[in-house]
Amino acid sequence: DVKVTQSSRYLVKRTGEKVFLECVQDMDHENMFWYRQDPGLGLRLIYFSYDVKMKEKGDIPEGYSVSREKKERFSLILESASTNQTSMYLCASSLGREGNTIYFGEGSWLTVV
Amino acid sequence: DAKTTQPPSMDCAEGRAANLPCNHSTISGNEYVYWYRQIHSQGPQYIIHGLKNNETNEMASLIITEDRKSSTLILPHATLRDTAVYYCIVRVAGANSKLTFGKGITLSVRP
């Protein structure tokens with residue numbers, strides 16, 4: 001089975017802190033994604049990457065950056081956390097071929113106080 | 001923008017088939033229909049996907065109309081654990097394509 005593992009299930013951070021959300025997949029997938037999910041707004045794509053050191057902006061990249069130094073790991077970085085970044089963050093991955101399936105991790109609940 | 005339309009909610013009795021409809025009238029020839037579900041506080045779970053033909057796996061069946069403008073996800077014997085939000089997503093074929101989620105349909109399975 002595909003395994004997408006997010007390092008932290010629940011985090012509480014202070015405003016202005018730098019926050020790292022880590023994601024690891026064990027299926028040698030080329031593509032990796034970061035989404036956030038908020039009530040009433042659904043899932044929105046923040047960033048994605050289809051190869052090591054490659055990244056593309058999604059629909060809401062402002063306030064975030066990402067890092068993909070190794071194929072299996074995709075990190076989401078909040079340079080200076082703000083309260084409006086309180087959300088559930090979801091990592092996902094897929095093979096880099098047509099018709100591939102995207103698999104999600106369990107999510108990380110981030111609260112910024 | 002999501003390219004699908006789903007009713008906001010539906011319910012069904014435990015043990016009965018749950019038929020979840022989805023309209024995607026503007027679907028293009030190179031777009032797949034995907035279904036995911038999300039149980040409260042968990043990440044979305046892949047269910048099934050198809051291009052033209054009907055598909056079946058251990059979780060569900062996907063029926064796509066001949067004109068591809070709508071589809072139905074069928075859970076043959078719904079259980080209480082199938083209570084979730086179900087997302088129907090149209091996704092461009094391509095190695096690096098992404099998912100765009102709409103609001104989904106909330107399925108409530110009643111005892």
Take the residues in the stretch B:11-49 that are of a type in the set (D, E, K, R) and more than 14 Å from chain A (Cβ to nearest Cβ), then tell me which one is surrounded by the most Cβ atoms within 10 Å (Cβ to Cβ). B:GLU14
Sort through A:SER75, A:SER8 and tell me the only one that's more than 12 Å from every other protein chain (Cβ to nearest Cβ), among the hydroxyl-bearing types (Ser, Thr, Tyr) and under 11 Å from the mean Cα position of the chain (by Cα). A:SER75
With B:ILE27, B:ILE64, B:ILE48 as the choices, which residue is modelled with pLDDT under 95 and among the hydrophobic types (A, V, I, L, M, F, W, C)? B:ILE27
Which members of the stretch B:49-80 meet the condition of being within 20 Å of B:THR26 (Cβ to Cβ) and either in contact (Cβ under 8 Å) with a residue 60 or more places away in the chain or part of a loop (DSSP other than H, G, I, E, B) (or both)? B:LEU51, B:LYS52, B:THR65, B:GLU66, B:ASP67, B:ARG68, B:LYS69
Among the residues of the stretch A:89-99 satisfying the criterion of being out of contact with any His (no Cβ under 8 Å at 6 or more places or on another chain) and of a type outside the set (D, E, K, R), which is surrounded by the fewest Cβ atoms within 10 Å (Cβ to Cβ)? A:TYR89
Taking the stated definitions as given, is B:ILE105 facing chain A (nearest Cβ under 10 Å) and in contact with a Ser or Thr (Cβ under 8 Å, 6 or more places away or on another chain)? no
Could you grab me the full set of residues in the stretch A:25-42 that are part of a loop (DSSP other than H, G, I, E, B), within 12 Å of chain B (Cβ to nearest Cβ) and surrounded by 13 or more Cβ atoms within 10 Å (Cβ to Cβ)? A:HIS29, A:GLU30
How many residues are more than 14 Å from B:CYS22 (Cα to Cα) and either at the interface with chain A (Cβ under 7 Å from one of its Cβ atoms) or within 10 Å of the chain's Cα centre (by Cα) (or both) when one looks only at the stretch B:84-100? 6
When the residues of the stretch B:56-82 are narrowed to those that are under 25 Å from A:SER93 (Cα atoms) and crowded, with 17+ Cβ neighbours inside 10 Å, which ends up nearest to the chain's Cα centre (by Cα)? B:LEU73
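Would you mention how many residues in the stretch A:100-113 are in contact with a helix residue (DSSP H, G or I) (Cβ under 8 Å, 6 or more places away or on another chain) and facing chain B (nearest Cβ under 7 Å)?
0
Can you pull out every residue in the stretch A:90-99 that is out of contact with any Asp or Glu (no Cβ under 9 Å at 6 or more places or on another chain) and either more than 10 Å from every other protein chain (Cβ to nearest Cβ) or within 12 Å of A:MET32 (Cβ to Cβ) (or both)? Step through it out loud before you land on a result.
Quick first cut of the stretch A:90-99, residues out of contact with any Asp or Glu (no Cβ under 9 Å at 6 or more places or on another chain) only: A:92, A:98-99.
Correct list: A:ALA92 only.
The values are calculated or read from the model by the stated rules, or taken from the named source; none is laboratory data. Here the structure is a predicted model, which is why all the values come from computation and not from measurement. Note that each Cβ is placed from the backbone with ideal geometry, even for glycine, and that neighbours are counted across all protein chains shown.
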